[in-house]
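> Shown below is the structure under consideration.
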Ligand SMILES: Nc1ncnc2c1ncn2[C@@H]1O[C@H](COP(=O)(O)OP(=O)(O)OP(=O)(O)O)[C@@H](O)[C@H]1O
Ligand SMILES: [Mg+2]
């Protein structure tokens, strides 16, 4: 690439002031990658749960003494639910699925088919025409003593709000890391301007435009930024993969949205060109602004 | 444009120090050739700095190529500086670049293509007798060789105004004569030349007028005829 292999008039390779820039950038990009991945994970989690749970009710029927009782209770509850206004779909979860749901809490014991399991009915509701919950619960209790209705929407909205604020904090941290990176580049570039003062003056006196000088600083800064970003992103990717494996291994995989989505990975990888661009632009602006004050 | 450089009652001081140049008024017309003399510390380099836009006068006005430099915008400087070639007294070669790259600098900053640059630079370096030293680092060159690199850099872009500060201080008379010949060659092609020098034999080898600095004041001696026309209109300077 001609742009990148271009020779420079400024002796950057003799310049100690930028030696730590790639490492600092690597650290910043590492933080930014993890934050970004976190934000994406939270956002995925929030939207999954938002969609999946806020439009459902769960009705729990206590386990009966035998299968016949269970069937009768389920039939009675379903009949009441289907009749209720605002209810769109009623699904009785098969025992196998109930067992899977309980596995994280009960462990292997959940597999024992002798264990009496409660019955769970998923109820999809139309949020605009919410059924009168109190009445519905009352009706169900009368038909099946001990029946319980969980309205996920109620506690989900609180939970979702917490998720969204965590997300916002993540975005804020991400932006702050970006600002800190830009600040580091500004200081490094200023130091470079000081180091190369004499060469810059000679370039000026031979008729170099500020743009010409700034371009050399900008390309240099971009290369250092890219190098740092590559280091930061690859370390972050290793951490994220390790984390994913760990989560999988611990069996938390059933929680929805914990795996990083493709979008999150793409965003993390896009930090590479973004860092390059930030480094290029920051250095360029810094040099142009400083040189504008020189004669 | 009938004047390359025009000074009107120019004064210059460094910081809070005394005026090192006082009431300088003169005009350099296109194609003129002047020697600039004066004792060490007389202000020759300072006068050069004003002419190559490294300093602004502390009073009076300086015009270059018909433009008052007080009215220049930041972006105008490169355009004017590209018309001016400078041989600095202390060379100011870029130590991290080869002789070739040093000479190529003015062409590169003005955006010339590398292929053409190569042709021009090699030709000129050969002319000043440095064909063997193109890839050499400045610090490995002798004082005289460095000086010739500096001169080559000053003239490579065929400037309209050439300012050379002690360009023959480190070379023997034979090379000095050759360099003077180079300057005269450029001058014949239309370049206005000012050479600051202590070199008596260089000065006496030709009849170019002499600008003399003494006590911060300037006088001009025209050796071909009576005092130069520009001086007549500026009575303050008629000191010779
Ligand atoms: N950067 C500077 N800061 C302060 N004073 C300076 C500076 N440069 C030159 N001077 C002063 O200005 C005066 C003129 O200096 P200048 O270098 O112009 O003399 P010169 O004629 O070129 O001398 P030389 O023949 O030794 O090169 C001197 O008194 C010097 O001390
Ligand atoms: Mg001097």
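The values are calculated or read from the model by the stated rules, or taken from the named source; none is laboratory data. On a predicted model such as this, the values are computed, not experimentally measured, just so you know. All Cβ positions, glycine included, derive from the backbone under ideal geometry; neighbour counts span all protein chains shown.
> Quick one: in the range B:103-127, of everything that is within 12 Å of chain A (Cβ to nearest Cβ) and touching a residue at least 24 places away in the same chain (Cβ under 8 Å), which residue is surrounded by the most Cβ atoms within 10 Å (Cβ to Cβ)?
In the first step, residues of the range B:103-127 are kept if they are within 12 Å of chain A (Cβ to nearest Cβ); the result is B:103-112, B:114, B:117.
Pick out the ones that are also touching a residue at least 24 places away in the same chain (Cβ under 8 Å) and you get B:103-107, B:109-110.
Values: B:103: 29, B:104: 24, B:105: 24, B:106: 26, B:107: 21, B:109: 21, B:110: 17.
Filtering first and then ranking leaves B:103.
> Does residue B:61 satisfy the criteria of being in contact with a strand residue (DSSP E or B) (Cβ under 9 Å, 6 or more places away or on another chain), surrounded by fewer than 17 Cβ atoms within 10 Å (Cβ to Cβ) and more than 13 Å from chain A (Cβ to nearest Cβ)? Quick ask: steps written out before the conclusion?
Values: in contact with a strand residue (DSSP E or B) (Cβ under 9 Å, 6 or more places away or on another chain): yes; surrounded by fewer than 17 Cβ atoms within 10 Å (Cβ to Cβ): yes; more than 13 Å from chain A (Cβ to nearest Cβ): yes.
It is true that residue B:61 is in contact with a strand residue (DSSP E or B) (Cβ under 9 Å, 6 or more places away or on another chain), surrounded by fewer than 17 Cβ atoms within 10 Å (Cβ to Cβ) and more than 13 Å from chain A (Cβ to nearest Cβ).
> Pick from A:50, A:15: which is within 14 Å of chain B (Cβ to nearest Cβ) and either at pLDDT 90 or above or touching a helix residue (DSSP H, G or I) at 6+ places or on another chain (Cβ under 7 Å) (or both)? Break it down stepwise before answering.
Details: A:50 fails: within 14 Å of chain B (Cβ to nearest Cβ).
Answer to the check: A:15.
Here is a yes/no grid of residues against (1) more than 16 Å from ligand 2 (Cβ to nearest atom); (2) outside any loop (DSSP other than H, G, I, E, B); (3) modelled with pLDDT of 90 or more; (4) over 28 Å from residue B:83 (Cα atoms):
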residue: B:190; (1), (2), (3), (4): yes, no, yes, no
residue: B:211; (1), (2), (3), (4): no, yes, yes, no
residue: B:218; (1), (2), (3), (4): no, yes, yes, no
residue: B:223; (1), (2), (3), (4): yes, no, no, no
residue: B:236; (1), (2), (3), (4): yes, yes, no, yes
residue: B:240; (1), (2), (3), (4): yes, no, no, yes
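> Quick one: how many residues across the range B:13-52 are within 14 Å of chain A (Cβ to nearest Cβ) and touching a strand residue (DSSP E or B) at 6+ places or on another chain (Cβ under 7 Å)?
Pass one, the range B:13-52, residues within 14 Å of chain A (Cβ to nearest Cβ): B:45, B:48-52.
With touching a strand residue (DSSP E or B) at 6+ places or on another chain (Cβ under 7 Å) added as a condition, the list becomes B:45, B:48, B:50-52.
Within the range B:13-52, residues that are within 14 Å of chain A (Cβ to nearest Cβ) and touching a strand residue (DSSP E or B) at 6+ places or on another chain (Cβ under 7 Å) number 5.
> Oh, and also: Residue B:134 is checked against (1) more than 14 Å from chain A (Cβ to nearest Cβ); (2) under 18 Å from residue A:210 (Cα atoms) and fails just one. What number does that condition carry?
Here residue B:134 meets the rest and fails (2).
> Residue B:75 is checked against (1) touching a helix residue (DSSP H, G or I) at 6+ places or on another chain (Cβ under 7 Å); (2) under 24 Å from residue A:209 (Cα atoms) and fails just one. What number does that condition carry?
Condition not satisfied by residue B:75: (1).
> Where in the range B:1-114 are the helices (runs of 4 or more DSSP H), entirely inside, with at least 1 residues that are under 17 Å from the mean Cα position of the chain (by Cα) and within 16 Å of ligand 2 (Cβ to nearest atom)? Reasoning before the result, please.
On the way: elements: B:44-51, B:76-81, B:99-109.
It comes to B:44-51.
> Still on this model: On the given criteria, is residue A:199 within 14 Å of another protein chain (Cβ to nearest Cβ) and in a helix (DSSP H, G or I)?
Working: within 14 Å of another protein chain (Cβ to nearest Cβ): yes; in a helix (DSSP H, G or I): yes.
So residue A:199 fits the description; yes.
> Could you check the range A:103-130 and list, in sequence order, the residues that are modelled with pLDDT of 75 or more, surrounded by 13 or more Cβ atoms within 10 Å (Cβ to Cβ) and more than 14 Å from residue A:56 (Cα to Cα)?
Hits for the range A:103-130 are A:117, A:118, A:119.
> A further question follows. Look at residue B:8 and say whether it is away from ligand 1 (no atom under 14 Å from the Cβ) and away from chain A (no Cβ under 14 Å). Don't jump to the end; show me each part of the working.
Working: away from ligand 1 (no atom under 14 Å from the Cβ): yes; away from chain A (no Cβ under 14 Å): yes.
Yes; evaluated as a whole, the condition is true for this residue.
> Next question, about the same structure. Going by the conditions given, is residue B:158 away from chain A (no Cβ under 12 Å), touching a strand residue (DSSP E or B) at 6+ places or on another chain (Cβ under 7 Å) and not in a strand (DSSP E or B)?
Details: away from chain A (no Cβ under 12 Å): yes; touching a strand residue (DSSP E or B) at 6+ places or on another chain (Cβ under 7 Å): no; not in a strand (DSSP E or B): yes.
No; evaluated as a whole, the condition is false for this residue.
> Which residues, taken from the range B:28-49, are crowded, with 18+ Cβ neighbours inside 10 Å, within 17 Å of residue B:80 (Cβ to Cβ) and more than 10 Å from ligand 1 (Cβ to nearest atom)?
Result: B:28, single match.
> Scanning for something more than 16 Å from ligand 1 (Cβ to nearest atom) and away from chain A (no Cβ under 14 Å), does the range B:76-98 turn up at least one residue?
Taking the range B:76-98 and keeping what is more than 16 Å from ligand 1 (Cβ to nearest atom), we get B:76-85, B:93-98.
Now drop any that are not away from chain A (no Cβ under 14 Å), which leaves none.
The answer is no, given that none of the residues of the range B:76-98 is more than 16 Å from ligand 1 (Cβ to nearest atom) and away from chain A (no Cβ under 14 Å).
> Can you tell me which of (1) within 16 Å of ligand 1 (Cβ to nearest atom); (2) in contact (Cβ under 8 Å) with a residue 60 or more places away in the chain is the one residue B:57 doesn't meet?
Just one mismatch for residue B:57, condition (2).
> In addition: Looking at this structure, is residue A:140 part of a helix (DSSP H, G or I) and in contact with a strand residue (DSSP E or B) (Cβ under 8 Å, 6 or more places away or on another chain)? Steps first, please.
Numbers: part of a helix (DSSP H, G or I): yes; in contact with a strand residue (DSSP E or B) (Cβ under 8 Å, 6 or more places away or on another chain): yes.
So residue A:140 fits the description; yes.
> What's the number of the only condition in (1) part of a loop (DSSP other than H, G, I, E, B); (2) out of contact with any helix residue (DSSP H, G or I) (no Cβ under 7 Å at 6 or more places or on another chain); (3) closer than 29 Å to residue B:49 by Cβ that residue B:132 fails to meet?
Only one criterion is unmet by residue B:132, namely (3).
So that you can scan it fast, the table gives a plain yes or no per residue for (1) more than 16 Å from ligand 1 (Cβ to nearest atom); (2) touching a residue at least 24 places away in the same chain (Cβ under 8 Å); (3) within 21 Å of residue B:107 (Cβ to Cβ); (4) within 14 Å of chain A (Cβ to nearest Cβ):
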site: B:129; (1), (2), (3), (4): yes, yes, yes, no
site: B:139; (1), (2), (3), (4): yes, yes, no, yes
site: B:143; (1), (2), (3), (4): no, yes, no, no
site: B:147; (1), (2), (3), (4): no, yes, yes, no
site: B:154; (1), (2), (3), (4): yes, yes, yes, yes
site: B:174; (1), (2), (3), (4): yes, no, no, no
